[in-house]
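This is the structure, below, for whatever I ask next.
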Amino acid sequence: MNWDEFGDWGRRISDWAQDYHLTVGDRPVRAQTRPGDILNALPVTPPDSPEDMETVFRDFENIVMPGITHWQHPRFFAYFNANAAAPSVLAEFLVSAIAPQCMLWQTSPAATEMETRMMDWLRQSLGLPAGFEGVIQDSASSATLAAVLTMRERALNWTGNISGLAGNPQLRVYCSAEVHTSVDRAIWISGIGQDNLVRVPISGDWRGMDPDALDAAIRADKAAGLTPAGVILCVGGTGTGATDPVDACLQIAEAHGLYTHVDAAWAGSAMICPEFRHYWPGIERADSIVFNPHKWLGVQFDCSAHFLRNPDDLVRTLAIQPEYLKTHGHDGIINYSEWSVPLGRRFRALKIWFLLRTYGLEGLRERLRNHVRWSEALHDKLAATPDFEITSTRMWSLFTFRHAPRGVSELDDLNLRLLNAINDDGRIYLTQTRVDGNLVIRFQAGQFETTEADVMMAYDVITEIAEALA
Ligand SMILES: *Cc1c(COP(=O)(O)O)cnc(C)c1O
């Protein structure tokens, strides 16, 4: 296939995509395939001679689509949504056609300068003060890795990259047990080591870090001759939406001179609504904050917004300038590849621009507020239903629950069977987590096309299937 046929196929695929989005609610949410089904439908060897696009597209529909779990389904209540709002998909289509590389200013000035402007639009949207600058990372995991590397270098007086960790002081990083596993991986990759990731006990309804325990842990480490490097907080943890007391923890970190990173990958989007910002008072003290516009905000995956109070620390940690990457003579320009681990960078700012302009912040706020309101209604209805219990405080549009009929002792087993039966049914999709060791079911609403009726259908499906299992 060549570019002369591209227009016809482009129109056909865009019609297909529109139809897919308008009717995806009729499909089972989670793929109903068995392991190996798709693998076995794909030839073992690659084709020697060209096949026509018609055949390839037919196989896409027949082989691929049955094995897709529909993340854009209005009743996808599992994990966190990864919304692809229509304008952001169009922007991605354009970007994949132009296919620019955005590692240096000069390798696509428009991409760099739009990234600067879009990160500042997002900063204002979240109510962060002027002075925070930002970069778009491919994922929150990468942003957290970059922040941990910065903590390490700062604590080692910028010697770790050059001389390695052997012979350097033993570093310590602090977080609660509710943070995402990307924190563990960043600690592994940075060479700090899992044993030096200190889990500070949690307390209270939000399941956040106890600030006094944080202070005590840092003091004890210092007394033992160890070197505290940084604190990682979560606002809206993945399991239950756990949220650390940001203000108190950041003040303690600051008092000890430690670098701080806040993971708000999911809940950061909610901060476009001023009434939700009471969950992160004092956020302006953080050194580094990440949130994923590719989750709740509607920007097609991947797009992770990483804010920095002082980008110099990050750039000092990650910038590398061999001769072939030097852009001589352009003072004051930004080369974003010096702000991230990968060198090659996609033009991700365009989809933010398309989305924010076509929805406006008010259009986005309305969606998020609805999700929170409908989730609260479902929460209240389940709480009032006999044999169901809410197992963690509702945080924005996320809460957990379990079926706990009187006299049943194996509740983990019962709830796992309930969850599997719900997902086999196909009308809704939910996932599980653990709260205080117990298996519980998570519910969160955040899909862009979800309606109140979709959320309320979850009530019918959950109670109907629970009754059938009893
Ligand atoms: C989703 C999520 C992550 C990981 O995000 P990626 O962009 O997939 O790396 C990290 N932290 C939290 C709290 C999340 O919800």
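The values are calculated or read from the model by the stated rules, or taken from the named source; none is laboratory data. Since the structure is predicted, the reported quantities are computational estimates derived from the model, not experimental observations. A quick note on method: Cβ atoms are made from the backbone with ideal geometry, for glycine too, and the neighbour counts reach across all protein chains shown. In case anyone asks, the SASA skips ligands and DNA or RNA and just uses the protein heavy atoms, side chains included. Shrake-Rupley method; radii C 1.70, N 1.55, O 1.52, S 1.80 Å.
Given only helices, namely DSSP H runs of n ≥ 4 each adding -39500 (n - 2.57), what is the per-residue ellipticity at 222 nm of the chain, to the nearest 500 deg cm²/dmol?
Helices in the chain give a 222 nm mean residue ellipticity of -13000 deg cm²/dmol.
Let me ask something additional. Using amide H atoms built in the peptide plane, which far-off residues or other-chain residues are under 5 Å from Val198 H to H?
For Val198, whose amide H was placed from the backbone, the distant partners under 5 Å are Val173, Tyr174, Cys175.
Could you provide, to the nearest whole Å², the per residue accessible area of the chain with probe 1.4 Å?
Averaged over the residues of the chain, the accessible area is 45 Å².
Also: Sequence neighbours fewer than 8 away in the same chain don't count; with that in mind, list the aspartates and glutamates whose C-alpha is under 17 Å from Lys295.
Glu92, Asp138, Asp263, Glu366, Glu449
I'd like the distance separating the alpha-carbon centroids of region 160-177 and region 224-292, in whole Å.
For region 160-177 versus region 224-292, the Cα centre distance is 21 Å.
If the only charges are +1 at each Lys and Arg Cβ and -1 at each Asp and Glu Cβ, what is the size of the charge dipole of region 3-72 around the Cα centre, to the nearest 20 debye?
540 debye
Residues with amide H under 5 Å of Val435's amide H, sequence separation 5 or more or different chain, H placed in the peptide plane at 1.01 Å from N; which?
Val440
Next question, about the same structure. Looking at the chain, identify the longest residue range that excludes and avoids all trypsin sites (Lys or Arg not before Pro) in DSSP loops having at most 12 other Cβ atoms within 10 Å.
For trypsin sites (Lys or Arg not before Pro) (loop position, at most 12 other Cβ atoms within 10 Å), the longest site-free span of the chain is 1-325.
Ok, one more. Per the 1.4 Å probe, what fraction of the accessible area of region 188-271, in percent, lies on carbon and sulfur atoms? Could you put the intermediate results ahead of the total?
Values: 1530 of 2860 Å².
On region 188-271, the fraction of accessible area on carbon and sulfur atoms equals 53 percent.
Relative contact order for the chain: what is it in percent, counting Cα pairs under 8 Å that are at least 6 residues apart?
22 percent
Which loop-located GluC sites (Glu not before Pro) does region 360-418 contain, where loop means any DSSP state but H, G, I, E or B and the Cβ has at most 11 other Cβ atoms within 10 Å?
Of the GluC sites (Glu not before Pro), the ones in loops of region 360-418 whose Cβ has at most 11 other Cβ atoms within 10 Å are Glu410.
What is the Cα centroid distance between region 1-49 and region 391-470, reported in whole angstrom?
Using only Cα atoms to place each centre, the spacing works out to 31 Å.
For Tyr359, what accessible surface area do you get with a 1.4 Å probe? Give it in Å², rounded to 10.
60 Å²
Pull up the DSSP beta bridges for region 101-346 and report the antiparallel fraction as a percent, rounded to 5.
That works out to approximately 45 percent antiparallel.
Local charge sum around Glu449 (other residues, Cβ-Cβ under 15 Å, Lys/Arg +1, Asp/Glu -1)?
Around Glu449, the surrounding residues sum to -2.
Say R0 is 35 Å: what FRET efficiency, to the nearest 0.05, do Val408 and Arg34 get from their beta-carbon distance? Intermediate results must be reported in sequence, preceding the final value.
On the way: r = 30 Å, r/R0 = 0.85.
For R0 = 35 Å, the calculated efficiency reads 0.70.
For a test of the definition: using alpha carbon positions, the gyration tensor, and the 1.5 limit on a/c, classify region 101-346 as rounded, prolate or oblate.
Judged from the Cα gyration tensor, region 101-346 comes out oblate (a/c at least 1.5, b/c at or above a/b).
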